[in-house]
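Please treat every number below as a calculation from the coordinates, not as lab data. Fair warning: this is a prediction, and the values are worked out from it, not measured in the lab. Reconstructed Cβ throughout: ideal geometry from the backbone, glycine too, with neighbour counts over all protein chains shown.
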Amino acid sequence: MLAPLLALSLLAAPGAKPAPATNTACPVLGGKVTEKSKTVTVRGHEYRICCAGCDAKLLKDPDKFLEKDGTPKNAKK
């Protein structure tokens, strides 16, 4: 019974977008974020933000703050 369910879940996976690395700094201002920080969804991915106003800035111009793969530009390499 488990094998058919696993097979179905694997068939559904190719359409799913991979999530970017969990951000530890706000993509907009660079402030520290935690699991309790407010989140904003951009291009199907959730990002934690440090303060009010960052959500609107990130939504307005995501290319300014995010790489093409969704990684925040200020993420440590």
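Restrict the search to the stretch 26-55; then list the trypsin sites (Lys or Arg not before Pro) that DSSP places in a loop and that have at most 12 other Cβ atoms within 10 Å of their Cβ.
Sites meeting the loop and neighbour criteria: 36, 43.
Return the FRET efficiency for the residue pair residue 35, residue 73: r is the Cβ-Cβ distance, R0 is 25 Å, and the value is rounded to the nearest 0.05.
0.70
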